[in-house]
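Notes for the one structure printed next.
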Amino acid sequence: YALFLASSLYVLYRICSDRKRRLPPGPKGWPILGSVLELRGDLPIWEIFDRMKDKYAGPIVYLNLAGQNVVVLNTKEVANELMDRRSTNYSDRPKTIVGEY
């Protein structure tokens, strides 16, 4: 009984805490599975992501795949912008001063 109560409280906490963060648009998903069911079907994965780009009105789509947060960048321009030009904002490596000199 205690294990069920603890796991229920954890799932409730995750649901409430996920809503507070600013995330790109994407499918809502289920509490434990997330958006895994959105990826099923006969289509290749890139086509599913392309359709999500049109459905959620933007080249950046957020998915929760069974607890794993995934951000899909659907265009080359957005990927270059975020990964090259803004890489220092999203990198977890410390900035090195030696490389600048």
- Gain in length, Arg85 to Ala2, computed as 0.36 nm per residue apart minus the alpha-carbon separation, to one decimal in nm? 25.0 nm
- What residues qualify as long-range amide H neighbours of Leu65, i.e. H under 5 Å apart, gap of 5 or more or another chain, H built at 1.01 Å from N? Ser35, Val70
- Go through 56-63, 69-76 and give me the packing order, highest mean Cβ count within 10 Å leading. 56-63, 69-76
- Message: For Gly26, what residues show an amide H to amide H distance below 5 Å, using hydrogens built from the backbone and excluding near sequence neighbours?
- Response: Tyr62
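A short reminder: the numbers here are calculations on the coordinates, not readings from a lab. These numbers were taken from a predicted model, which means no experiment stands behind them. Glycine also receives a Cβ, built like all others from the backbone with ideal geometry; neighbour counts cover every protein chain displayed.
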